[in-house]
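The values are calculated or read from the model by the stated rules, or taken from the named source; none is laboratory data. Here the structure is a predicted model, which means the values were calculated and not measured. Neighbour counts run over all protein chains shown; Cβ positions are idealised from the backbone, glycine included. Each accessible area value is taken on the protein alone, full model and side chains, heavy atoms only, with ligands, DNA and RNA left out. Shrake-Rupley method; radii C 1.70, N 1.55, O 1.52, S 1.80 Å.
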Amino acid sequence: MKERGDEKMVSVKAVTSPAIHLEERSHEADNPTSPVARFGADQPLKLDCGIDLSPFQIAYQTYGTLNADRSNAILVCHALTGDQHVFNLHPVTGKPGWWETMVGPGRPLDTNRYFIISPNVIGACMGSTGPASTNPSTGKVWGLDFPIITIPDMVRAQAMLLDRLGIDTLFSVVGGSMGGMQVLQWTAAYPERVFSALPIACSTRHSAQNIAFHELGRQAVMADPDWRGGRYADQGTHPHRGLAVARMAAHITYLSDAALHRKFGRRMQDRDLPTFSFDADFQVESYLRYQGSSFVERFDANSYLYLTRAMDYFDIAADHDGVLARAFRGIKTRFCVVSFTSDWLFPTSESRALVHALNASSARVSFAEIETDRGHDAFLLDVPEFFDISRAFLQSAGKARGLGG
């Protein structure tokens, strides 16, 4: 998940310490401002690593109103560094929700028409149980004692949340990037519970290149002396420099060469001549430093390790003898698969492979490749064609579902 892609330039000279936000972030990890569904020892979450996680909790937000027959619920799955705060001010940063371009009255995910549910994934740091949470057996932060989690684990936890909310079936599941992976896992694991699906800028498995980028980020975090073997919370430190570098490297992959050139080119930052130093002479350098410093204010470093690893392990076909089409055999869910021409993190070729597998499974599927130079970030930005396609798909599925106007 990325910051909303501001075209406005921000002048930032250095990566700053997030100390001012440590207390708020720690509070949100265990006692979030969001609603929370708690599950006791009698309702463990069975993880792919073979561990039963209990107790655990899921933080979430809802927007809109659930209709009488509970048929208008849409699950929004967030991306890597996102959270449940889709359409409300973030409690740590005070910034607007990360998907206000898509969610809200009159938006494609219309809160006047649909009931939007947005959970924080297991393993994250904004109220769902993860490495930043307190381990009830020790009274200390889980850290690296937290078990490794997967995308299927996240989806199983979300299914338990929906059971708690009394929602048997979803009108739609929507998400981009890691959120799109969750969408695909939902349709493979619970096809009878998903009427329609909108996977955006994603793939059915991580490429070797993407795994390599994630490993670069993880090594940056772990190389920070303040990481302390993952025990930084107990020792009152935070590896903000390493996490900021990981964020900077990842953010480059979210953009495209054309977008970077259009926004920054080789323009200098607040100066006409180079300083002949390692200061942020160029605007693009200042922008990346801003992305790094703002990210560490709200995100936990260990959670970054866990969620990137979950994405790396994701491979739907591997669970079906390497044949992707078998994952969707006989599925009734309606799909709209969306990719962007300049997305080199999850290129269109991977979306086409998914569409071919869905076609082989005789699934109802439409596909849109949207022309834009905004890269992987495009699903978070103001791309009218993407809005039109999403709105039309959901309206068409709504008619088939029998939803009112």
Open item on the list: Quick check on my filter: what residues within region 157-196 are over 19 Å from PRO347 (Cα atoms), of a type in the set (A, V, I, L, M, F, W, C) and not in a helix (DSSP H, G or I)?
Closed with: ILE167, LEU170, PHE171, VAL173, VAL194, PHE195
Open item on the list: Just the residues that are touching a helix residue (DSSP H, G or I) at 6+ places or on another chain (Cβ under 6 Å), modelled with pLDDT under 90 and in a helix (DSSP H, G or I), please, taken from region 245-259.
Closed with: ALA259
TODO: Pull up region 111-132, narrow it to residues that are in contact with a helix residue (DSSP H, G or I) (Cβ under 8 Å, 6 or more places away or on another chain) and open to solvent by 10 Å² or more (accessible area, probe 1.4 Å), then point me to the one that is nearest to PRO32 (Cα to Cα).
DONE: ALA132
Task: All positions within region 349-370 that are of a type in the set (Ser, Thr, Tyr) and within 24 Å of PHE195 (Cα to Cα) - done: SER351, SER361, SER362, SER366
Task: Residue satisfying condition, being of a type in the set (Asp, Glu), out of contact with any Cys (no Cβ under 9 Å at 6 or more places or on another chain) and without any contact (Cβ under 8 Å) to a residue 40 or more places away in the chain, within set ASP270, ASP315, ASP279, ASP257 - done: ASP257
Open item on the list: Of everything in region 325-377, what is free of Cβ contacts under 8 Å to residues at least 40 places away in the same chain, surrounded by 20 or more Cβ atoms within 10 Å (Cβ to Cβ) and closer than 19 Å to VAL173 by Cα? Give them in sequence order.
Closed with: LEU358, ALA363, VAL365
- [ ] Kindly indicate whether any position in region 228-244 is among the polar types (S, T, N, Q), in contact with a Lys or Arg (Cβ under 8 Å, 6 or more places away or on another chain), part of a helix (DSSP H, G or I) and more than 30 Å from SER349 (Cβ to Cβ).
- [x] no
Task: Candidate set: region 52-84, residues that are in contact with a Ser or Thr (Cβ under 8 Å, 6 or more places away or on another chain) and of a type in the set (Val, Ile, Thr); chosen: the one farthest from ILE122 (Cα to Cα) - done: ILE74
TODO: Determine whether region 93-100 contains at least one residue that is open to solvent by 10 Å² or more (accessible area, probe 1.4 Å), in a helix (DSSP H, G or I) and among the charged types (D, E, K, R).
DONE: no
TODO: Return a yes/no flag: does region 357-365 have any residue that is of a type in the set (A, V, I, L, M), part of a loop (DSSP other than H, G, I, E, B) and within 30 Å of VAL323 (Cβ to Cβ).
DONE: yes
TODO: Select from region 303-349 the residues that are small (Gly, Ala, Ser) and out of contact with any strand residue (DSSP E or B) (no Cβ under 8 Å at 6 or more places or on another chain) and write down the one among them that is farthest from ALA208 (Cα to Cα).
DONE: GLY330
TODO: Of all residues in region 265-313, count the ones that are outside any helix (DSSP H, G or I) and closer than 30 Å to ARG156 by Cα.
DONE: 4
Task: Selection within region 378-400 - open to solvent by 60 Å² or more (accessible area, probe 1.4 Å) and closer than 16 Å to VAL174 by Cα - done: ASP388, ARG391, GLN395, SER396
TODO: All but one of (1) surrounded by 17 or more Cβ atoms within 10 Å (Cβ to Cβ); (2) over 17 Å from the mean Cα position of the chain (by Cα) hold for THR204, so report the exception by its number.
DONE: (2)
TODO: Kindly check whether there is at least one residue in region 160-175 that is closer than 30 Å to ASP52 by Cα and without any contact (Cβ under 8 Å) to a residue 24 or more places away in the chain.
DONE: yes
TODO: Scan region 141-169 for residues that are over 16 Å from GLY123 (Cα atoms) and of a type in the set (Lys, Arg) and report the count.
DONE: 1
TODO: State which residue is surrounded by the most Cβ atoms within 10 Å (Cβ to Cβ) when the search covers only region 235-255 and only residues that are more than 20 Å from MET311 (Cα to Cα) and of a type in the set (S, T, N, Q).
DONE: THR237
- [ ] Just need a number here: residues in region 266-315 that are of a type in the set (Lys, Arg) and buried (at least 20 other Cβ atoms within 10 Å of the Cβ).
- [x] 2
